[in-house]
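Take a look at the structure below.
The values are calculated or read from the model by the stated rules, or taken from the named source; none is laboratory data. Since this is a predicted model, take the numbers as computed values, not measurements. Here the Cβ is made from the backbone with ideal geometry for all residues, glycine too, and neighbour counts use every protein chain on show. Only protein heavy atoms, including side chains, enter the accessible area calculation; ligands, DNA and RNA are left aside. Shrake-Rupley method; radii C 1.70, N 1.55, O 1.52, S 1.80 Å.
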2 protein chains.
Amino acid sequence: MAKESFTVTPWEVKGDIDYDKLIKKFGVQRISNKELEMLDRLAPLHLFLRRGMFFAHRDLNVVLKEHEKGKKVVLYTGRGPSGHTHLGHIVPWIFTRWLQKAFKAKLYFQMTDDEKFLVKDLALNKTKNYAKENALDLIALGFEPKDTKIIYDTEHIDELYPFALKIAKRTTFSIAKAVFGFNNSTNIGLSFFPALQAAVAFYAQEREGGKDVQCLIPCAIDQDPYWRIARDAAPYLGYPKTATILSKFLPGLSGPAGKMSATDEANAIYTTDLPEVARKKIMKAFTGGQATVEEQRKKGGNPDLCTVCQWLYLLFEDDDKVMQQRLEDYRAGKILDGENKKYLADKVVAFLEEHQKKREKARDVLDKFSLTS
Amino acid sequence: MAKESFTVTPWEVKGDIDYDKLIKKFGVQRISNKELEMLDRLAPLHLFLRRGMFFAHRDLNVVLKEHEKGKKVVLYTGRGPSGHTHLGHIVPWIFTRWLQKAFKAKLYFQMTDDEKFLVKDLALNKTKNYAKENALDLIALGFEPKDTKIIYDTEHIDELYPFALKIAKRTTFSIAKAVFGFNNSTNIGLSFFPALQAAVAFYAQEREGGKDVQCLIPCAIDQDPYWRIARDAAPYLGYPKTATILSKFLPGLSGPAGKMSATDEANAIYTTDLPEVARKKIMKAFTGGQATVEEQRKKGGNPDLCTVCQWLYLLFEDDDKVMQQRLEDYRAGKILDGENKKYLADKVVAFLEEHQKKREKARDVLDKFSLTS
């Protein structure tokens, strides 16, 4: 059998990802019309659901059924703070805000400033600082301190540790090797870390009322291995199994394969990028167009290969009719790359200008979001 | 080469321990007359030093030299709370109190309620409860809250975690396997734990003034692997290497091999034993005597095989002249086992009665010793 042409782990996503294969490989479920209908009853479906950006799950059906019977839901997601936030990072956060309103749920958000110290060549004060910077982006998306608690691992480890211990006791190094691809060169901090990431699921449940509360985790699919650990541990801790709703990756600007990389600056747009810098990056994006304007008018472009079309489809053009028309026109050669890029750039710049204002205002309330505030 | 007839690891001590071999195997130094002379200048030598109960070290000579030049010393020791305290446990604590006075040093005492949860079939509330019970025994030995801080891992993890992370980042699973005998079945909590035990050395230094403070750890020699991890990490963290002063094990009552076991109740005397229960245990102890009184009068006893003689020598008979005379008389058949046992039992009972009073009083001040009090 041929080697997989893509890799998806919590630390590496690369290649041309086949999401159908990934669903089988991870043993997760595709989100069906049934779940979409139930979600639609809670709130008009978010773009990410209408366009399949969030596409898979574990036990979302259970959460929806239990929620309809009156069971409380708590949300949990997070971020490994190793640099500034880019647009790929905020995809699950935007969706989490939508879920929060739909389920009227509290959110626990974990900043794994410890993990990024253990994995990267970064000092602890750097990852701690990025954690606070990244938190500004979360807050700027509209979360409220009364129902959003940010856990900074290095500050709040005492809250998580009893849960992490119970998970760790049941997780051998063999299991961690199999699930995360650890080996004997892995440091003992990183090999313990999965227990700490899984711990928040139970901590959040416990804080919000105990074993009758259901935890739902919106995140990108590369985080799934952590939730396998959490789900395996759940019966021993006496909680319902952790449920997830999983997203694809937003492609980078240099091509549709893999996910937006935080290490390739031109490939990503950061929330801290000057709007004009962002515009320039988009004007250089990889597209599905032809070599010349004449050719594109004649043959049309291919949206499937076009990062500009994909960014509009997956994130920036919320209007379904407008989007469909634009894709048709792109395929027909009626929309050219220059115009398409400008159309996207205007939207990205508008988003950034607004976001950056909110982001600065968030500094004043940052402390109010801290778990222990 | 023949397999070693003894085992000494942090989790298992068994067999007829050859301490000379252990010194070579662990690569530690024997305490020399030079160190004894220097210690004697600080305070009249403790029984444990005069009789070789504390017998080995790492960098004790460095600590003593630096201390003579005016450098501050901080002490660190601890306990894995998996049951009540027995007399073997308090050997290093008694000695730590002596060191504390000699060096005029603060003590940081770690209660590893997490480790014992991870290693044993014990619930977390049990190990936490034993931690508080064990702390009463520490306090009863004369420590003062102003210069003694007890760290309960599950309560104070947030203080230790930044140090533990830095140690963990430099400790691969391979190293942990080699040093602690971990394997793939070891749980990921236990494999991380060494970083947490090593962390206190640096935490204590930092709290007491930073990188110019020298940390000295009095403990039984089975804990040495942890300090290898600490010493390897020290240069990266920028602290002087952790120094140790290491003890032999107090033998159990059923024979001179191994160490007093907390799982064999008749073998150990607990600080919580009723005095009369303790007396009965001693009256049944394994001795170096002969089969009959007549034979013992004729041939004499062997103190080297006699747990009663050893307990007197190592712990309960502080007077060197009296001790020497008693050993001579035992060898000569002038002291019989019955009398010898009664002599020890009287001392043990007197100790327990006094200790148990102090132990109960300690409940009132327990909280004052907590790190965060």
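Can you find, among B:344, A:140, A:103, the residue farthest towards the positive end of the dipole of the protein assembly as shown? Put +1 on the C-beta of Lys and Arg, -1 on that of Asp and Glu.
B:344
Share of chain A's accessible area from carbon and sulfur, percent, 1.4 Å?
49 percent
Rolling a 1.4 angstrom probe over the protein heavy atoms, how many square angstrom per residue are accessible across the range B:12-133?
Computed with neighbouring chains in place, this is 41 Å² per residue.
Can you give the Kirkwood hydrodynamic radius of the range A:85-235 from its Cα pairs, in Å with one decimal?
Computed over the range A:85-235, the radius equals 16.2 Å.
Could you check the simple spin-label distance between residue A:120 and residue A:346, using points 7 Å along Cα→Cβ, in nm with one decimal?
According to this spin-label approximation, the distance is 3.5 nm.
Provide an ascending nm list, one decimal, of label-point separations from residue A:299 to the equivalent residue in each further copy; define each label point as 7 Å from Cα along Cα→Cβ.
10.4
Sorting B:57, A:89 by accessible area (1.4 Å probe), largest first, what list results?
A:89, B:57
Would you mind working out the magnitude of the charge dipole of the range B:22-113 relative to its Cα centre, with +1 at each Lys and Arg C-beta and -1 at each Asp and Glu C-beta, to the nearest 20 Debye?
Using Cβ point charges on Lys, Arg, Asp and Glu, the range B:22-113 gives about 140 debye.
Where nothing but the Cβ of Lys and Arg (+1) and of Asp and Glu (-1) is charged, how large is the charge dipole of chain A around its Cα centre, in debye to the nearest 20?
600 debye
Order A:365, A:73 by their accessible area, 1.4 angstrom probe, all chains in place, largest first.
A:365, A:73
Quick check: Cα centre of the range B:5-58 to Cα centre of the range B:81-98, how many Å?
Cα centroid to Cα centroid, the span is 16 Å.
If the convex hull of the alpha-carbon atoms of the range A:265-361 is projected onto planes in all directions, what is the mean projected area in square nanometres?
Projected area, direction-averaged: 6.1 nm².
Suppose you put the label 7 Å out from Cα in the Cβ direction; list, shortest first and in nm with one decimal, how far residue B:69 is from each other copy's label.
7.2
If you take every DSSP beta bridge whose two residues both sit in the protein assembly as shown, what share of them, in percent to the nearest 5, is antiparallel?
If I count the DSSP bridges inside the protein assembly as shown, around 40 percent turn out antiparallel.
Loop only by DSSP, 11 or fewer other Cβ within 10 Å of the Cβ. Give me the trypsin sites (Lys or Arg not before Pro) in the range B:121-166 that pass, ordered by residue number.
Here no loop site has a sparse enough neighbourhood.
Which value, in Å³ per residue, describes the convex hull spanned by the Cα atoms of the range B:1-72?
Enclosed volume per residue, from the Cα hull, is 118 Å³.
Which residues does a label at residue A:32 reach in the range A:65-98, if reach means a backbone N under 16 Å from a point 7 Å past the Cα toward the Cβ?
A:65-66
Take the alpha carbon atoms of the range B:295-337, find their center, do the same for the range A:149-180, and report the distance between the two centers in whole angstrom.
53 Å
Would you mind pulling out the separation of the Cα centroids of the range B:340-373 and the range A:190-240, in Å?
43 Å
Measuring label to label, 7 Å along Cα→Cβ, what does residue A:7 give against each other copy in nm, shortest first?
In nanometres, ordered from closest: 3.9.
Compute the whole-percent fraction of alpha carbon pairs in chain A spaced more than 26 Å apart.
Value for chain A (Cα pairs over 26 Å): 52 percent.
Using a 10 Å cut-off on Cβ to Cβ distances, tally the other chain neighbours for every residue of B:159-172 and report the average as a whole number.
Mean shielding by partner chains, rounded to a whole number: 6.
Distance in nm between label sites at residue B:62 and residue B:297, each 7 Å beyond Cα in the beta-carbon direction?
Using points 7 Å along Cα→Cβ, the separation is 5.9 nm.
So what is the accessible area of the range B:265-361 per residue, in Å², with the probe set to 1.4 Å?
Ligands and nucleic acids excluded, the result is 54 Å² per residue.
Give me the residues in the range B:144-158 whose solvent-accessible area, probe 1.4 Å, is reduced by at least 20 Å² once all protein chains are included instead of the chain isolated.
B:154, B:157, B:158
What does the helix-only formula give at 222 nm for chain A: each DSSP H stretch with n ≥ 4 adding -39500 (n - 2.57), the total divided by the residues, and the result rounded to the nearest 500 deg cm²/dmol?
-16000 deg cm²/dmol
Determine, at each q value in 0.19 (inverse angstroms), the log₁₀ of I(q)/I(0) that the Debye formula gives when each Cα of the range B:27-171 is one equal point scatterer.
Log10 of I(q)/I(0), two decimals: -1.23.
Just to be sure I understand the curve: with the Debye formula and one point per C-alpha of the protein assembly as shown, what is log10 I(q)/I(0) at q = 0.05, 0.06, 0.07, 0.10 Å⁻¹?
Ignoring solvent entirely, the Cα scatterers give -0.35, -0.47, -0.61, -1.00.
Taking 7 Å along the Cα-to-C-beta vector as the label spot, tell me the residue A:9-residue B:320 distance in nanometres, rounded to one decimal.
Spacing of the two 7 Å Cα→Cβ label points: 6.2 nm.
Can you give the FRET efficiency to the nearest 0.05 for residue B:101 and residue B:178, using r as the Cβ-Cβ distance and R₀ = 30 Å?
Efficiency, from the Cβ-Cβ distance: 0.20.
Under a point-charge model restricted to the Cβ atoms of Lys and Arg (+1) and Asp and Glu (-1), what is the dipole moment magnitude of the protein assembly as shown relative to its Cα centre, in debye to the nearest 20?
Result for the protein assembly as shown is approximately 280 debye, rounded to the nearest 20.
Taking R0 as 45 Å, what's the FRET efficiency between residue B:354 and residue A:368 from their Cβ-Cβ distance, rounded to 0.05?
0.25
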